[in-house]
Amino acid sequence: MNTGKIDLKGLTQEQLEDFLSELGKEKYRAKQILRWIYQRHVTDFEQMTDLAKQFRSQLADRAYVSSWEPEIVETSSDGTRKYLFRLDDGESVEAVRIPMDEDRATLCISTQVGCAMGCQFCMTGTFGLARNLRPEEIVNQVCAALQDGPIGNIVLMGMGEPLHNLDNVVTALKIFYLDDGLGYGTRRITLSTCGLVPEIKELGQRIKVHLAVSLNATTDEVRSRLMPINQRYPLSELMSACREYALLTKQRVTFEYIVIGGVNDSLADAKRLVKLLHGVRSKVNLIAYNEHEGAEFKAPTAESIKTFQSYLLQRDIVATLRASKGQDISAACGQLKGKLEDKSEAL
């Protein structure tokens, strides 16, 4: 841990330019440093050979560039790879690399240690919230996973609620978008939220990113039972915010719907969902519930989820059924962390 020094991986280009100005250096040096860090994967200032030796020494006195290696990696037979990272305060977070085809992978990253939202179907919620991740801790998950090959898309769907850590998440997104850095376009990054309405509106004003909303129910009664946040921001307010977001960003909003057997998988639910989506430029991502030890919910039958999807498709709603990946490893959010902590408590 580098006490008193600035981690350059936590800075946007503008913040890096300001830092260099304090050192009496030109703004264009920021682009040079960003290329070394993100395109050449160099973390040692001494190896940044197009910078003057005195400048490199100056940087080493005031700053550093962090680098992560996973503490544990689990690899599934389908190629899904789960990483557990140990943080400098002893906490841990997870990221999941999901292969899409031979040349593409999607990386699911975390934004908090634990989560305060308390969704009943989510294992991460059982940990409670320990703290927010800093921008460099969000960025380092991607940098570490890139060592295993190219990543086509990034999804902020891992541990934590991204909009509950809005400032740090916006900073991390700006870093992801840097042309001289990681160079991800706005359409290649998706942020998933449980439905913090004021923050959805603020996000749309501050930065462009594809929005995914974890919906999971078609009535306030069921959604409030599954997701306590619905008691504060009921469906009517959430859907209104989503309509505004889609209009502002000119992008579809993705609604994630975890299909839980006997809870939200009926034809009546499908009919209500169609009504809820009226007037929202959207698509639906159906996800079969992934059972874990101690969970009170059950996975849906193949028949019920197919019937649900068919009803939406027949009404011209784009509805995809996400293929389940990594079932032979701890691939769902929080499962690897939970397994590790269970072992620690047993020792």
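Every number in this text was worked out from the coordinates using simple rules, so none of it is lab data. Owing to the predicted nature of the structure, the values given are computational and were not obtained by experimental measurement. Every residue, glycine as well, gets a Cβ built from its backbone with ideal geometry; the counts of neighbours run over all protein chains shown.
Here are some notes:
- Cα gyration tensor category, rounded, prolate or oblate, for the range 46-132 with a/c compared to 1.5: oblate
- Residues whose placed amide H lies under 5 Å from that of residue 193, excluding near-sequence neighbours: 212, 213, 214
- For the range 6-64: rounded, prolate or oblate by the Cα gyration tensor [a/c cutoff 1.5]: rounded
- Computed 3J(HN,Hα) for the range 72-79, one whole-Hz value per residue from the Karplus formula 6.51 cos²θ - 1.76 cosθ + 1.60 where θ = phi - 60°, is 9, 10, 10, 10, 7, 5, 8, x, glycine and proline marked x.
- The range 269-306 versus the range 86-158: alpha-carbon centroid distance in Å: 23
- Positive minus negative residues near residue 299 (Lys, Arg vs Asp, Glu; Cβ under 11 Å): -1
- Cα-based shape type of the range 72-346, given that a ≥ b ≥ c are square roots of the gyration tensor eigenvalues and the cut on a/c is 1.5: rounded
- For the residues 229, 72, 37, a GNM of the chain with alpha-carbon springs under 10 Å puts the largest fluctuation on 72.
- Over the chain: helical MRE at 222 nm, DSSP H runs n ≥ 4 each giving -39500 (n - 2.57), nearest 500: -10000 deg cm²/dmol
- Close amide-amide hydrogen proximity is noted between residue 63 and 6, each under 5 Å apart and 5 or more residues distant or on a separate chain (H modeled in the peptide plane; Pro and chain starts excluded).
- Around residue 188: net Lys/Arg minus Asp/Glu count, Cβ-Cβ under 13 Å: +3
- For the chain, a simple Cβ point-charge model (Lys and Arg +1, Asp and Glu -1, everything else neutral) yields a dipole of about 1160 debye relative to the Cα centre.
- Under 5 Å, built H, 5+ apart or other chain: amide partners of residue 86: 71
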